[in-house]
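Just below is one structure, and these are the notes that go with it.
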Amino acid sequence: MAAWMNEYGDVAAHPSQDVDLDALAAAAADLRSRLRDNYPFHHPRYAAQMLKPPHPAAVIGYVTAMLVNPNNHALDGGPATAALEKDVVAQLAAMFGFPEAPRHLGHLTSSGTIANLEALFVARETHPGKAIAHSADAHYTHARMAHLLGIESVAVPSTADGTMDLDALEALLGAGRVGTVVATAGSTGLGAVDPVHEILAIARRHGVRVHVDAAYGGFFRLIADDRPDGIAAAPFLAISDCDSVVIDPHKHGLQPYGCGAVIFRDPGVAQHYLHDSPYTYFTSDDLHLGEISIECSRAGAAAAALWLTLRLLPLTPDGLGAVLRPGRRAALDWARRIEESDELRLFQPPQLDIVTYLPARDRLSEVDAVSAAVMAAGMARPPADSLFLATYGVDAAALAARGHPVEADVPTGRILRSVLMKPESEAAVPWLHEQLLGLL
């Protein structure tokens, strides 16, 4: 980038920005020291939340573009990265089976939360006065964003595997109060995948839109092939006929935070974003991304990072899909080991790469106490012997629905949860399991 910058002539940095190099070195050393107060997201020992470092290609792409610091709100602020963004959004749309541009509409966002906000905003504008419906196990953002938008949200009960109850949905839509159903393709708690194909059929019978929250699970479309080490194809194939979808490249897309995306099947929803600005959108009559986005300033570097990553790991089963499949195999392997253990019980079979399990105890209070103690003990060990797990809150009804004979002496309790989104987790499962047993 220095060569390109120099084409415009030499320019000396203003002395007001000069810093003492020794002071910079000391401050950087202090920063590295402070950053040690983190969990080892890079290592298989961290089997807790959905966190891992970005791919080196994404870091290179981000830093390279950041030297220019483009803003993808308007072509005035980032023509090159705006083109890259349109390119990667088209790739994401194709992965889901949406029509080619310009027969879809979409853009990157700073997060899945903002992407879902935009999808629900369009739901409100296309079906004014109507509620949105989502599974009781869906991400809490939907209820929060509905409140922000001033629309009603309705939680549809979940079945014993954490997916939307279709009979309850049918009854709800029959009452006529819902305009959009949110189907979740990979819940962040359990990794549960709603039966999108069946939800779509029910919704269409009632004239209701379908939005798919695939923020966590969307990239599993690449291994939705019904293979033993893949996942069920039908829910993901049905996304192509839904009205909108959200995906988070900063999860399984190997990107730095924050990078989300929202894509609409009907480009006509652009009318709901219409606005003007007296000081932007002046360098080109082409579409400015800010004209189809609620957000204004957005880092063009996010588009550059994703574009470079997808050049090297394309959205194919053998590209990025090969990064996801080991995590799926790891989840299946660990689930099998848990089921064969006398000391643990599998809460429910994993549908993606999230495993939930509980200590084999008779009372919910004991399950809660042991789960909390195991998590704390694993984190307290020296780094080379540590194990980082997460917990998941359940109630007596959730346990009973999954056939766990636990006495509900308290209303709720914690069980254990592990996200195995790093491909390195596959080889680590045997010793992760042994370490877990040693903590019980």
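Every number in this text was worked out from the coordinates using simple rules, so none of it is lab data. What you see is a predicted model, and the numbers here were worked out from it, not measured in a lab. Here the Cβ positions follow ideal geometry from the backbone for every residue, glycine too, while neighbour counts run over all protein chains shown.
Backbone geometry of the range 344-357 corresponds, through the Karplus equation with coefficients 6.51, -1.76 and 1.60 at θ = phi - 60°, to 3J(HN,Hα) couplings of 10, 10, 7, 4, 7, x, x, 9, 10, 10, 10, 10, 10, 7 Hz, x marking Gly and Pro. Once you reduce the range 260-322 and the range 15-39 to the center of their Cα atoms, the two points are 34 Å from each other. Shown for the chain: lysine pairs separated by 8 or more places, or found on different chains, whose C-alpha atoms are under 23 Å apart, numbering 4. Considering only Ser365, Ser277, Ser33, the Gaussian network model of the chain with Cα springs below 10 Å gives its largest mean-square fluctuation to Ser33. Computed over the chain with a Gaussian network model linking Cα atoms closer than 10 Å, the most mobile of Leu67, Leu420, Leu237 is Leu67.
Residues Trp431, Trp4 in ascending order of nearby Cβ atoms (within 10 Å, fewest first): Trp4, Trp431. The residues packed around Gly438, meaning those with a beta-carbon under 12 Å from its beta-carbon, carry a net charge of -2 if Lys and Arg are +1 and Asp and Glu are -1. Working note: Cα gyration tensor of the range 321-439, eigenvalues times five, square-rooted, sorted largest first, giving semi-axes of 24, 17, 11 Å. Sparse packing (at most 14 other Cβ atoms within 10 Å of the Cβ) combined with a DSSP loop state is found for the following trypsin sites (Lys or Arg not before Pro) in the range 172-242: Arg177. How about the range 91-165: which chymotrypsin sites (Phe, Trp or Tyr not before Pro) there lie in a loop by DSSP and see at most 15 other Cβ atoms within 10 Å? Taking the range 91-165 and a limit of 15 other Cβ atoms within 10 Å, the loop chymotrypsin sites (Phe, Trp or Tyr not before Pro) found are Tyr140.
Where q = 0.21 Å⁻¹, what log10 of I(q)/I(0) comes from the Debye formula for the range 231-308, counting one point per Cα? Normalising to I(0) and taking log10 leaves -1.16. Whole angstrom only: what separates the Cα centroid of the range 60-102 from the Cα centroid of the range 139-206? Cα centres, the range 60-102 to the range 139-206: 31 Å.
Residue by residue, the range 132-145 carries 3J(HN,Hα) couplings of 10, 10, 8, 5, 4, 9, 5, 4, 5, 4, 5, 5, 5, 5 Hz when phi is fed to the Karplus relation 6.51 cos²θ - 1.76 cosθ + 1.60 (θ = phi - 60°); x denotes Gly or Pro. Go through (1) 1.00; (2) 0.97; (3) 0.95 and flag the label whose value is the computed Rg/Rh (Cα atoms, Kirkwood Rh) for this structure. The value computed from this structure is option (1). Entry note, the chain: the mean residue ellipticity at 222 nm calculated from DSSP H runs of n ≥ 4, each adding -39500 (n - 2.57), is -11500 deg cm²/dmol after division by the residues and rounding to the nearest 500.
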